[in-house]
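Report on the following structure.
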Amino acid sequence: MGASLACGVKATRDAAGWIVALGDMPWIAESTIVRVVRAIADGAIVAAPFYRQLRGHPVGFGAACFAELSALSNDDGAKSVVAAYRDSLVRIDVEDPGTLRDVDRPDDLT
């Protein structure tokens with residue numbers, strides 16, 4: 001996952017930021033994504049939604065994260081980047097359980 005993310009970031013190096021959304025999380029509300037995008041556009045280095053005190057997805061990264069994101073190569077995605085910026089993480093409280101719900105098995109779709 002980290003290598004794929006690094007590849008995408010490198011291919012868009014001139015971007016003002018990146019929103020990392022996972023393909024197995026189809027229930028995230030559009031309004032949540034918009035709020036993460038706005039936080040990055042407003043200057044956040046890292047921004048993420050929180051539902052009931054739990055950090056969810058998608059996570060936004062500002063351009064300042066380019067070096068760290070483009071160097072990823074592990075299977076943990078961008079967890080290390082989020083951890084590196086935890087003190088400046090912009091927390092977006094949402095009422096969107098889709099930020100935590102993913103699909104691992106066909107039963108998860110019901």
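What follows is calculated from the coordinates using simple rules that are stated; it is not laboratory data. Worth saying up front: this structure is predicted, and the values here are computed from it rather than measured. No Cβ is skipped: glycine too gets one built from the backbone with ideal geometry, and neighbour counts run over all protein chains shown.
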Reported set for the range 29-84 where residues are among the acidic types (Asp, Glu) and over 23 Å from Leu100 (Cβ atoms) is Asp42, Glu68
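For the range 70-96, which residues satisfy the criterion of being among the charged types (D, E, K, R), assigned to a loop (DSSP other than H, G, I, E, B) and within 24 Å of Ala16 (Cα to Cα)? If you could, list the steps in order and put the result at the bottom.
Here is the first cut: in the range 70-96, the residues among the charged types (D, E, K, R) are 75-76, 79, 86-87, 91, 93, 95-96.
From what is left, the residues that are assigned to a loop (DSSP other than H, G, I, E, B) are 75-76, 95-96.
Listed by number, the list holds a single entry, Asp76.
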Subset of the range 97-110, residues assigned to a loop (DSSP other than H, G, I, E, B) and more than 15 Å from the chain's Cα centre (by Cα), comes to Val103, Asp104, Arg105, Thr110
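Within the group Phe61, Phe50, which residue is surrounded by 18 or more Cβ atoms within 10 Å (Cβ to Cβ) and free of Cβ contacts under 8 Å to residues at least 60 places away in the same chain? Give the derivation first.
Details: Phe50 fails: surrounded by 18 or more Cβ atoms within 10 Å (Cβ to Cβ).
Phe61 is the lone residue from the list that is surrounded by 18 or more Cβ atoms within 10 Å (Cβ to Cβ) and free of Cβ contacts under 8 Å to residues at least 60 places away in the same chain.
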